[in-house]
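Data first, discussion second: the structure below is written as structure tokens.
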Amino acid sequence: MPRDPLIALVGKPSSGKSTTLNSLTDTTAKVGNFPFTTIDPNRAIGYLHLPCACSRTFPPNNIPPSTSAPTPLHLRCKPNYGACLDGVRSVPIELLDVAGLVPGAHLGKGLGNKFLDDLRHADALIHVVDVSGTTDQEGKATRGYDPSADIAWLRDEIVRWVLGNLMLKWGGLKRRHTAIKATAVETLQGQFSGYGSTSAVVARTLDRLALKQPLQDWDDKTVELAVNTFVDEKFPTVIALNKIDHPDADKNVAKIARAEPAGRLVLCSAISEIFLRRLAKQGFVKYSPGSEFVDTREDLVEQGDPDGGGLKEMDEKLRTRIENLKDMVLYRFGSTGVNEVLTRASEVLGLVPVFPVRNIASFGSGDGGGAGERAAVFRDCVLVKKGSTVGDVYRKVMGDAPMAYVETVGGVRVGEDDEVGVGKNDILSFKVGRA
């Protein structure tokens, strides 16, 4: 069965990696019934924010007949896990906090062996970079460090790890490849499967390389090029430029932005996000996680609410901190950037949300979430990779149960091999049995 995607947070010590993880999983300002869960000491559940199916407009034949106006779908959307607020769904996704990395990890330096062993399970990486320049490559306090160097050496460590393992066996591997007349995909997958690779990943790697010479004729330079391309395919990476509220961050961000593709970069301040969520939990501010707005009691009174939203009064010190955070982070960058980090990671993975329902006419699940036109809808949401089929989703949700048929919006039957995508075969009702 397809497994759930796993996103790993990587970075040197003191880069803010653990703070970023906490900001992605912190539930102090959570809406919904999915609790923060630590799966083991370095795994947790984060929340991916995306448009929910309840926000769509459906044709009349998909709305149950009624003698009175039914409650709008977005008001009846009550996820079993996560939350849905005004059509924005918070979908749980598994995160991995990888041991802090230092140069030389592929040789076993620091926690290198643990880092690389953890890494093999990941589908995508979030590289948390300290753009303040106040920590060196080993995470020790300094000033004026160039954080663009961290991006280069961390990727190089991963490449050297894979390349070193491959070259140890390269001679024998080539002889066996020739003897059994294997394809390049078969031979490389035999070596790369230990990194969580699949034949499809290896095939895409070879397609990108477009090499004309057979594998047994590859020289060392070609092997290294193949490994670099494989690392890009197997470990797509988002770079989270953390600590953007530091005075020295601007020049470092500008340098990195000139060298890296814009689609890989996200500006963020994880500690600001945690601070705002905790103030919201304590009743000092009104704040939705990842929002560009934060309101104090005084703000709400000015907006016409005499009670100030029931928020607590703040002392001058706390009020100053809030105003500084607004100026340095929210007004300048539009948000703390934390939600965007996971969104960007899901984009590089090509994740597609699919909404399994029991009743394709009402979008209900029949699990006790109410009845009739006020029944809860779109109770479940699963994430699958781009290119997944209806059959893939069925097996992810239903396991080995025999499939009779599958319906989508309008009661239209879809085939097992039909592809799912956003707005295309992404609301499905599964019928178990023999066709």
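The values are calculated or read from the model by the stated rules, or taken from the named source; none is laboratory data. Given the structure is predicted, the values throughout are model-derived calculations rather than measurements. Ideal geometry is used to build each Cβ from the backbone, glycine not excepted, and the neighbour counts take in all protein chains shown. Each accessible area value is taken on the protein alone, full model and side chains, heavy atoms only, with ligands, DNA and RNA left out. Shrake-Rupley method; radii C 1.70, N 1.55, O 1.52, S 1.80 Å.
Condition check ((1) modelled with pLDDT under 85; (2) part of a loop (DSSP other than H, G, I, E, B); (3) within 30 Å of T237 (Cα to Cα)) across all residues:
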{"position": "T20", "(1), (2), (3)": "no, no, yes"}
{"position": "K30", "(1), (2), (3)": "yes, yes, yes"}
{"position": "F34", "(1), (2), (3)": "yes, yes, yes"}
{"position": "I39", "(1), (2), (3)": "yes, no, yes"}
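Take the stretch 235-264 and flag every residue that is within 30 Å of G196 (Cβ to Cβ) and of a type in the set (K, R). First the steps, then the outcome.
Step one: list which residues in the stretch 235-264 are within 30 Å of G196 (Cβ to Cβ), which gives 235-242, 256, 259-264.
Of everything in the stretch 235-264, just one residue is within 30 Å of G196 (Cβ to Cβ) and of a type in the set (K, R), namely R264.
Could you please let me know if L206 is in the same structural domain as R175 (by the TED database), open to solvent by 10 Å² or more (accessible area, probe 1.4 Å), over 20 Å from L125 (Cα atoms) and modelled with pLDDT of 95 or more?
Judged against the criteria, L206 is a match.
Listed here are the residues, each with its yes/no results for (1) modelled with pLDDT of 95 or more; (2) open to solvent by 20 Å² or more (accessible area, probe 1.4 Å); (3) closer than 19 Å to T19 by Cβ.
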position	(1), (2), (3)
V201	no, no, no
R264	no, yes, no
I274	no, no, yes
F284	yes, yes, no
P289	no, yes, yes
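Given L311, L300, which one is in contact (Cβ under 8 Å) with a residue 24 or more places away in the chain and either among the aliphatic types (A, V, I, L, M) or open to solvent by 40 Å² or more (accessible area, probe 1.4 Å) (or both)?
Selected residue: L311, the only one of L311, L300 that is in contact (Cβ under 8 Å) with a residue 24 or more places away in the chain and either among the aliphatic types (A, V, I, L, M) or open to solvent by 40 Å² or more (accessible area, probe 1.4 Å) (or both).
Restricting attention to helices (runs of 4 or more DSSP H) lying wholly within the stretch 186-265, give those where 2 or more residues are closer than 26 Å to D118 by Cα.
Details: elements: 199-209, 220-234, 249-259.
Counting at least 2 such residues, we get 199-209, 220-234.
Of everything in the stretch 227-251 that's open to solvent by 20 Å² or more (accessible area, probe 1.4 Å) and in contact with a strand residue (DSSP E or B) (Cβ under 9 Å, 6 or more places away or on another chain), which residue is nearest to M167 (Cα to Cα)? Write out each step before concluding.
Looking only at the stretch 227-251, we keep the residues that are open to solvent by 20 Å² or more (accessible area, probe 1.4 Å), and these are 228, 232-233, 236-237, 243, 245-248, 250-251.
Right, trim to in contact with a strand residue (DSSP E or B) (Cβ under 9 Å, 6 or more places away or on another chain) and you get 236-237, 243, 246.
Values: P236: 23, T237: 25, K243: 39, H246: 43 Å.
The qualifying residue nearest to M167 (Cα to Cα) is P236.
Look through D417, D400 and report the one residue that is in a loop (DSSP other than H, G, I, E, B), outside the structural domain of C77 (by the TED database), loosely packed, with under 14 Cβ neighbours inside 10 Å and at pLDDT below 95. Please lay out each step first, then the result.
Working: D417 fails: at pLDDT below 95.
On inspection, the qualifying residue turns out to be D400.
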